[in-house]
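*Asks:* Questions regarding the structure given below will be posed in turn.
Just so it is clear, none of the values below were taken in a lab; they were calculated from the coordinates. What you see is a predicted model; the values in this text were computed from it and never measured. Counting neighbours? That spans all protein chains shown, and the Cβs are built from the backbone with ideal geometry, glycine included.
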Amino acid sequence: MFTAQSPADIPTKEQLLSLSGLEFMQGIRDGTIPGPPIAKVLNYRVDAVEKGHVVFRGTPLFDHCNPMGGTHGGWYGTLLDSCMACAVMTMLPRGQIYTTLEYKVNLIRAIPTGTEILAIGQIDHCGRSTAVAHGEIRGATDDRLYATGTTTCLVMAPNAQT
């Protein structure tokens, strides 16, 4: 996966709306569409994409530590928000987009820096105007549970006339 290096690398609205959400996420996974710049900053990448299911693979680094030397809760939150919302994205037909309305994260235990994790997002419901998904952060080698989350997303058709 390569990430956008400048605003010019971000797909245009027209490019985004010309693909289904599944096609868009597969493009990021396959490297034909740039991933978001935050993926580089937070050291994660798209690892697997299926309809209703997305897995990110990442590793918290020293740069992601809080003042006490532990992995910052915002790292957990960003990975869960991203994988859950991308699971929603895979359900959307061409011409629709989403945005996160709210998400909740439960931190179960500390992720030691340098520990590779999987952030797994799974769809629970995708309707005409809202979608719900859940997620987990697990150790990539030992399947240890580090955090869980839930999200509600607003589904929109930006070209629809009201």
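*Asks:* Segment 83-150: Rg/Rh from Cα coordinates, Kirkwood Rh?
*Replies:* 1.05
*Asks:* Put a dot 7 Å past each Cα toward the Cβ at GLU14 and GLU50; how far apart are the dots in nm?
*Replies:* Going from the GLU50 label point to the GLU14 one covers 3.6 nm.
*Asks:* Follow-up question, since we're still on this one. At each listed q (0.16, 0.18, 0.29 Å⁻¹), what is the log10 of I(q)/I(0) that the Debye formula gives for segment 34-95 modelled as equal alpha-carbon point scatterers?
*Replies:* Scattering profile of segment 34-95, log10 relative to I(0): -0.55, -0.66, -1.26.
*Asks:* Which value in nm describes the separation of the simple spin-label points at ILE108 and SER129, placed 7 Å from the Cα toward the beta carbon?
*Replies:* If labels sit at ILE108 and SER129, their model points lie 3.5 nm apart.
*Asks:* Given a Förster distance of 22 angstrom, what is the FRET efficiency for VAL41 paired with THR100, based on the Cβ-Cβ distance and rounded to 0.05?
*Replies:* Approximately 0.75, to the nearest 0.05.
*Asks:* Sorted by packing (mean other beta-carbon atoms within 10 Å per residue), highest first, where do 101-111, 28-38, 85-95 land?
*Replies:* By packing density, highest mean first, the sequence is 85-95, 28-38, 101-111.
*Asks:* For the chain, what is the mean residue ellipticity at 222 nm derived from helices alone (per DSSP H run of n ≥ 4: -39500 (n - 2.57); sum divided by total residues; nearest 500 deg cm²/dmol)?
*Replies:* -7000 deg cm²/dmol
*Asks:* Suppose every K and R has +1 on its Cβ and every D and E has -1 on its Cβ; what is the size of the dipole of the chain about the Cα centre, in Debye to the nearest 20?
*Replies:* 140 debye
*Asks:* Also, quick follow-up: At 10 °C and a viscosity of 1.306 mPa s, what translational diffusion coefficient does Stokes-Einstein give for the chain, taking Rh as the Kirkwood radius over Cα pairs? Give it in µm²/s as a whole number.
*Replies:* 100 µm²/s
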